[in-house]
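Worksheet: the structure to be examined is printed underneath.
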Amino acid sequence: EKQPTGLVAASTDLQLANTVQALLSSPAMRVNTTSDVVGIETCGALKNVLAIGAGIIQGLGLGQNALAAFIVQGCSEIRYLVEAQGGKASTINGLGGIGDICLTCYGSLSRNRSVGVRLGQGEQLQDILASSSQVAEGVATAAVVVLLARRFRVSLPVLTGIAQILEGNISCEEAVNEIMGLPQIQGEA
């Protein structure tokens, strides 16, 4: 099928990124380039954790407004971590950030989102993983999020909340209550 798609070639060597762009670009494939390897890698990894949470929201039946608010907060947290690691805040706004996050959080083929839906519906993580032949990368990545939040001293309540659910420390409902109980944000629309 010739369905249009896009991807990002990230490299600190922009000549190499441009070569990849020239080799892979076609009428059906758009290839963007960036030197922000840290930003692309962080977005690419954490979108999977965010997608588990998006699935949980769906599995709990909390609605589209809750899902949108959750994803926006998650994107902000990813941006905070990207910046803390020396990446560019603007990377989250592109194809390798929001583009990939939308696909993973809303797409029906997302393995990570599917895990979250089943968690939200009350299934146990061990049972979900045992019944799947595919890897949901966000499960392992969630534990790393907690370590990165500590290392870079960044507050990531949504992303670390997902890690707490996956570790069995809190239920999906408790995580939602904790996030909703956070202080209200001033000055952001």
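Each Lys or Arg adds one and each Asp or Glu subtracts one; over the other residues with Cβ under 10 Å from the Cβ of residue 7, this totals 0.
Accessible surface of the chain, 1.4 Å probe: 53 percent of it comes from carbon and sulfur atoms.
Mind listing which trypsin sites (Lys or Arg not before Pro) in the stretch 124-186 are in a DSSP loop and have 11 or fewer other Cβ atoms within 10 Å? Answer by residue number: 153.
Taking the stretch 95-139 and a reference point 7 angstrom along Cα→Cβ of residue 25, the backbone N atoms nearer than 19 Å belong to 95-96. Measuring r between the beta carbons of residue 124 and residue 41 and using R0 = 25 Å, the FRET efficiency lands at 0.25. Mean residue ellipticity, 222 nm, helices only, the chain: the sum of -39500 (n - 2.57) across DSSP H runs of n ≥ 4, divided by residue count and rounded to 500, is -19000 deg cm²/dmol.
Entry note, the stretch 60-189: relative contact order of 23 percent, from Cα contacts under 8 Å with a spacing of 6+ residues.
Could you give the angle, 0 to 90 degrees to the nearest 10, between helix 64-84's Cα long axis and the longest principal axis of the Cα atoms of the chain? So the inclination is approximately 60 degrees.
Charged side chains reduced to their Cβ positions (Lys and Arg at +1, Asp and Glu at -1) give the chain a dipole of some 320 debye around its Cα centre. With a/c under 1.5 counting as rounded, go ahead and sort the stretch 1-40 into rounded, prolate or oblate using the C-alpha gyration tensor (a ≥ b ≥ c being the square roots of the eigenvalues; past the cut-off, prolate if a/b is larger than b/c, else oblate). Oblate.
Hey, how many Å between the Cα centroid of the stretch 57-117 and the Cα centroid of the stretch 122-189? After rounding, the separation between the Cα centres reads 12 Å.
The values are calculated or read from the model by the stated rules, or taken from the named source; none is laboratory data. Quantities reported herein were computed from a predicted structural model and do not represent experimental measurements. No Cβ is skipped: glycine too gets one built from the backbone with ideal geometry, and neighbour counts run over all protein chains shown. To get the accessible areas, we keep the full protein, side chains included, count just its heavy atoms, and leave off ligands, DNA and RNA. Shrake-Rupley method; radii C 1.70, N 1.55, O 1.52, S 1.80 Å.
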